[in-house]
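Values in this text are rule-based calculations from the coordinates and carry no lab data. Values in this document were obtained by computation on a predicted structure and should not be read as measured data. Reconstructed Cβ throughout: ideal geometry from the backbone, glycine too, with neighbour counts over all protein chains shown.
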Amino acid sequence: MQPYVMVCGDIRYAGNALYLPSTVAACENGSGGYTVFFSHEQDYSGTSEAYELALSLLPSYMVGSPTGKDKVYVYSQLKVSQDGREVATYSAACLKESYRTIFSGAVNNSEGRLQCLNALRANIENQMLRDEQFWTRRAAP
Amino acid sequence: MKPMLRCLRAVLLACFLAGALAPAGAALAQGAAVDQEPAERQESPLATINVYRTKSLIGLGVYFDVYAGDKKICHLQEGQYCTVQVVPGEVEVWSKFMTKGAVTLDVRPAQEYYVKASVTKGFFLFWRPHLVEVVERIGKGELSRCDRVEE
């Protein structure tokens, strides 16, 4: 189901449009002076090589105990401003953890980032749709 | 006799000054060249991705190809690095050796990125490539201990 477009205005985002919440859209006419700033950052971490080597020496790794872990952190923020004044800010963070064993690999970092960005888009859409204050302010004359 | 001595002293002083100031002049010229380089880099619309693999006992003797998008960058061995210039945007750096290891970078113009490649252990002689983006401070230090892949 396509979410309702709550804010139509000037979008300031240089990245992939697929990650942009669909509650905001670009429009030239009748934007009401809205400007939308969207950004996301990611970071990666995981088990160190030395620790992974130590884990692989444990006999239990033969039956599938984890030999390593990957973590992807993604943070995104959406700011809505009207005539230069900040109206609302929504932010969300995601942590994707995946373990690997000798039988199965962890989710690769590219896939982890994509899953996180999709989850964050849905999260920000929900935050916007449930923001009663924003609806009230918009309805006010 | 005195004017001749004075003249000789002046010549010696001139030679000494010329010898002492020449390296300083050369250093200034070198400094100017170094200063120009970042300015050129800032103007360049392309970004640089460095992919490296540190020396490690894990996966010794396992080599794999590394790609940026559809383009092959290099054949990477342990203790080596390679560099590629890319157009800004979303760039996936990946490698496939039995399974796929990948990391996606949000590439901005004139920026430098560091990707650390390694292998993780699978069943028996089964190895998986693993790629992760690292910050410049760590990437630069580790990359300096690697050799450039010969083209």
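Here the stretch A:10-141 is treated with +1 on each Lys and Arg Cβ and -1 on each Asp and Glu Cβ, and its dipole about the Cα centre works out to around 180 debye. Between A:Val5 and B:Val87, the FRET efficiency estimated from the beta carbon spacing at R0 = 30 angstrom works out to 0.45.
Taking Cα atoms, how many degrees apart are the long axis of helix A:109-129 and the longest axis of chain A, rounded to 10 and kept between 0 and 90? That helix lies at roughly 30 degrees to the long axis.
The value of relative contact order for chain A, using C-alpha pairs under 8 Å at least six residues apart, is 23 percent. The ranking of B:Tyr113, A:Tyr90, A:Tyr73 by Cβ neighbour count inside 10 Å, starting from the fewest, reads A:Tyr73, A:Tyr90, B:Tyr113. Here A:Lys71, B:Lys116 are placed in order of increasing Cβ neighbour count within 10 Å, fewest first, which gives A:Lys71, B:Lys116.
The Cα-based radius of gyration of the stretch B:44-148, divided by its Kirkwood radius, gives an Rg/Rh of 0.96.
Extension gain, A:Ser22 to A:Gln77, is 18.4 nm, computed as 0.36 nm per intervening residue step minus the present C-alpha separation.
Would you mind computing the Rg to Rh ratio of the stretch A:24-132 from its alpha-carbon coordinates, Kirkwood style for Rh?
My calculation puts Rg/Rh at 1.21.
Extension gain for A:Ser65-A:Tyr51 works out to 3.6 nm (0.36 nm per residue, less the C-alpha to C-alpha distance). Could you give the distance between the Cα centres of the stretch B:112-151 and the stretch B:44-95, to the whole Å? Cα centres, the stretch B:112-151 to the stretch B:44-95: 8 Å.
With the helix formula -39500 (n - 2.57) applied to DSSP H stretches of n ≥ 4, chain A reaches a computed 222 nm mean residue ellipticity of -8000 deg cm²/dmol.
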